[in-house]
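*Asks:* Before anything else, here's the structure in question.
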Amino acid sequence: MKSGRKWGDSGAGATPGNSACLPGGFERGAAARPTRREAGLTLIELIVAFTIMLVLTTMSVPLVRAQLRRNRERELRAALVEMRKAIDKFKDAADKNQIAPTALTPESMGYPQKLEDLVNGVKGVGASADVKVKFLRRIPKDPMTNSFDWGKRSMQDDPKTTGWGGQNVFDVFTKSGEVGLDGIPYSEW
């Protein structure tokens, strides 16, 4: 079915050469251009959007900080457990006479004299006399102070002291003065 209309003819009085008509009968001009209101966002809309973004960001910052702190606390617990187990293994080996007597002093009471002894190793006895017995691969980094310097307590020290007598390493703690999320100071963990 053919009609007398040609391409660009809207059928509503437009002539075939009329450039104001588009295929399908749409006209060019004011109706095809977006109005000023549709062209972009107003200043009020931008301010409202920015305020919403600011409020959401402000609410998320404390949550992120708390999560980072929880992660550091988890790392601290793991490091303390690792070192304390190594100290206990050293003490057990000393009690079973698996460590050469030259590696121990009377003041050490079977505990390592310094933390580095756990990493560097001590001379064994018997079949392992030619081999150094090691209890720790490396001294872990303190996540609270971001250093490898840990607080130490000897068997002769008071349990709450932050000073080290130097006789042996009975326990380790962080030198951080901060308080944990549970309300207990990190140095008492």
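The values are calculated or read from the model by the stated rules, or taken from the named source; none is laboratory data. As the structure is a prediction and not an experimental result, all values here were calculated from the model. No Cβ is skipped: glycine too gets one built from the backbone with ideal geometry, and neighbour counts run over all protein chains shown.
*Asks:* For Val125, which of the numbered conditions (1) β-branched (Val, Ile, Thr); (2) at pLDDT below 90; (3) within 20 Å of Gly151 (Cα to Cα) fails to hold?
*Replies:* Unmet condition: (3).
*Asks:* Here's something else I'd like to know. Do the conditions hold for Ser187, that is, is it surrounded by fewer than 18 Cβ atoms within 10 Å (Cβ to Cβ), within 24 Å of Arg74 (Cβ to Cβ) and of a type in the set (Ser, Thr, Tyr)?
*Replies:* In short, yes.
*Asks:* Kindly list the number of the only condition in (1) touching a strand residue (DSSP E or B) at 6+ places or on another chain (Cβ under 9 Å); (2) over 19 Å from Ser108 (Cα atoms) that fails for Ser147.
*Replies:* Against the list (1) touching a strand residue (DSSP E or B) at 6+ places or on another chain (Cβ under 9 Å); (2) over 19 Å from Ser108 (Cα atoms), Ser147 comes up short only on (1).
*Asks:* So in the stretch 106-141, with the set limited to residues that are free of Cβ contacts under 8 Å to residues at least 60 places away in the same chain and hydroxyl-bearing (Ser, Thr, Tyr), which one is nearest to Glu82 (Cα to Cα)?
*Replies:* Tyr111
*Asks:* Next question, about the same structure. Going through the stretch 102-132 one residue at a time, which ones are part of a loop (DSSP other than H, G, I, E, B), surrounded by 12 or more Cβ atoms within 10 Å (Cβ to Cβ), within 40 Å of the chain's Cα centre (by Cα) and of a type in the set (A, V, I, L, M, F, W, C)?
*Replies:* Correct list: Leu104, Met109, Leu115.
*Asks:* OK, next. With the condition kept exactly as written, say whether any residue in the stretch 160-170 is part of a loop (DSSP other than H, G, I, E, B), under 26 Å from the mean Cα position of the chain (by Cα) and surrounded by 19 or more Cβ atoms within 10 Å (Cβ to Cβ).
*Replies:* no
*Asks:* In this structure, does Gln156 turn out to be surrounded by fewer than 15 Cβ atoms within 10 Å (Cβ to Cβ) and either assigned to a loop (DSSP other than H, G, I, E, B) or modelled with pLDDT of 90 or more (or both)?
*Replies:* So Gln156 fits the description; yes.
*Asks:* Inspect the stretch 84-105 for any residue being closer than 23 Å to Tyr186 by Cβ and in contact (Cβ under 8 Å) with a residue 60 or more places away in the chain and give the result as yes or no.
*Replies:* Checked the stretch 84-105: at least one residue is closer than 23 Å to Tyr186 by Cβ and in contact (Cβ under 8 Å) with a residue 60 or more places away in the chain.
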